[in-house]
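First comes the structure, then the notes that go with it.
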Amino acid sequence: MTECPGCRLKFPDQHLDPPERTNASGECFSLYSDLMCYTVAKQDPEFIHQHVVDTYAAQHAGGPARTITVAFGLIGLYLALEKGYTGRQVQLAHVKIARKRKVWPRLEPPRQQAVLTVIDVLQAGTDGEKDTMIREWMAAVWDSWGDRQEWVRATTDELLTFF
Ligand SMILES: [Zn+2]
């Protein structure tokens, strides 16, 4: 078995190389790629794919993860869960924020990992159940970052307000 250094998912070892810019096992990252195939193929106007990218990034902080990737993941979760943004709206907000701010602090992963991981979404049966599970996964990962939520809210609101 391998254990993912990000989400702690245990999965049979397939001897996959870990990704270069994500704190994940190769096996976990492969599952993430499978899920991305599903969300990209949907071509839904809300662009749920963005939520998957953000949730996975926020759950795989630390190690080789880029500071901006983790911060943007958390910003995306905040805007989606607390401000009701669609994935498409989050994507536009990311573009605006990226123009405003170039340097991001390193956010260390929370001590307590979220109870849901990418595999819980993949194991959901129907497309509707998968989409529901994506929302639950988002909320679980956002909750795990409780200590950083105030910083994320304040930083995001400031950057979007004074644009
Ligand atoms: Zn993982």
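Each reported figure results from applying straightforward, stated rules to the coordinates on display, with no laboratory input. What you see is a predicted model, and the numbers here were worked out from it, not measured in a lab. Every residue, glycine among them, receives a Cβ derived from its backbone with ideal geometry; neighbour counts consider all protein chains shown.
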For the range 67-163, which trypsin sites (Lys or Arg not before Pro) pass both filters: DSSP loop (anything but H, G, I, E, B) and at most 10 other C-beta atoms within 10 Å?
Lys102, Arg111
Using the Cβ atoms and a cut-off under 12 Å, what net charge is assigned to the surroundings of Glu136, where Lys and Arg are +1 and Asp and Glu are -1?
-2
Just grab the label-to-label distance for Asp13 and Lys102, each label 7 Å out from Cα along the Cβ direction, in nm (one decimal).
4.3 nm
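Do you know the Lys pair count in the chain for C-alpha distances under 23 Å, with sequence separation 8 or more or different chains?
5
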Options Ala57, Ser25, Thr117, ranked by Cα towards positive dipole end of the range 2-161, top entry (Cβ charges):
Ala57
If you put +1 on each Lys and Arg Cβ and -1 on each Asp and Glu Cβ, how big is the dipole of the range 1-71 around its Cα centre, in Debye rounded to 20?
160 debye
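How large is the charge dipole for the chain, taken about the Cα centre, if only the Cβ atoms of Lys, Arg (+1) and Asp, Glu (-1) carry charge, to the nearest 20 debye?
Numbers: 18 positive and 21 negative charges, 161 e Å.
So the magnitude is around 780 debye.
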Per the helix-only calculation at 222 nm, which mean residue ellipticity applies to the chain, given -39500 (n - 2.57) for every DSSP H run of n ≥ 4 and division by its residues, nearest 500 deg cm²/dmol?
-18500 deg cm²/dmol
Please compute the net charge surrounding Arg66, taking Lys and Arg as +1 and Asp and Glu as -1 over other residues with Cβ under 13 Å from its Cβ.
+2
With a sphere of radius 12 Å drawn around the Cβ of Asp147, what net charge do the other residues whose Cβ falls strictly inside it have (Lys, Arg +1; Asp, Glu -1)?
-1
So for the range 2-161, averaging the separation of alpha carbon pairs under 8 Å that are six or more residues apart and normalising by length, what relative contact order in percent results?
23 percent
Just to confirm the filter: which GluC sites (Glu not before Pro) across the range 2-106 are DSSP coil and have at most 10 other Cβ within 10 angstrom of their Cβ?
Glu20
May I ask which residue of Met133, Thr86, Gly6 lies farthest towards the positive end of the charge dipole of the chain, with charges of +1 (Lys, Arg) and -1 (Asp, Glu) on Cβ and the Cα centre as origin?
Thr86
